[in-house]
Amino acid sequence: MVDDLGRWAESSFLILVSLADGAKHGYAITSDIAEQAGVRLGPGTLYAALQRLEERGLIEGLPAEGRRRPYRLTAAGGAELSAQAARMQHLATLSRHRLRLDPA
């Protein structure tokens, strides 16, 4: 399903990864992604991706805490993240094998 998100697939995947260890609000998501993946998501990219993920049922918004609205991964989001991570792992293994970086 993340593939259906077009050019925003990377940011959507990174958001799912960030939310995998618990609910976060927008600033915490962007900080986590910057720290863990070295990618800075601008506010427009972040909130557009959050909206798409929520519309697809992969995340859900929680009640606002003051001005901040946290989001959390849904069961469907966890399943999608797991499937995408497995796909990426397979491609990484294949790449390393074909580059002869790992023994056969």
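Bear in mind these aren't lab numbers, they're just calculated from the coordinates by the rules spelled out. It should be emphasised that the depicted structure is a prediction, and the values quoted were computed from it without experimental measurement. For neighbour counting, all protein chains shown are included, and Cβ atoms are generated from backbone atoms with ideal geometry for every residue, glycine included.
Annotations for the structure displayed:
- Test result for residue 44, assigned to a helix (DSSP H, G or I) and in contact with a strand residue (DSSP E or B) (Cβ under 7 Å, 6 or more places away or on another chain): no
- Some residue of the range 18-32 being assigned to a helix (DSSP H, G or I), crowded, with 17+ Cβ neighbours inside 10 Å, without any contact (Cβ under 8 Å) to a residue 60 or more places away in the chain and hydrophobic (A, V, I, L, M, F, W, C): yes
- The set of residues from the range 73-104 being in a helix (DSSP H, G or I) and in contact with a helix residue (DSSP H, G or I) (Cβ under 7 Å, 6 or more places away or on another chain) comprises 77, 80, 81, 84.
- Residues that are in contact (Cβ under 8 Å) with a residue 24 or more places away in the chain and either under 14 Å from the mean Cα position of the chain (by Cα) or over 15 Å from residue 21 (Cα atoms) (or both), drawn from the range 67-82: 68, 69, 71, 72, 73, 77, 78, 80, 81
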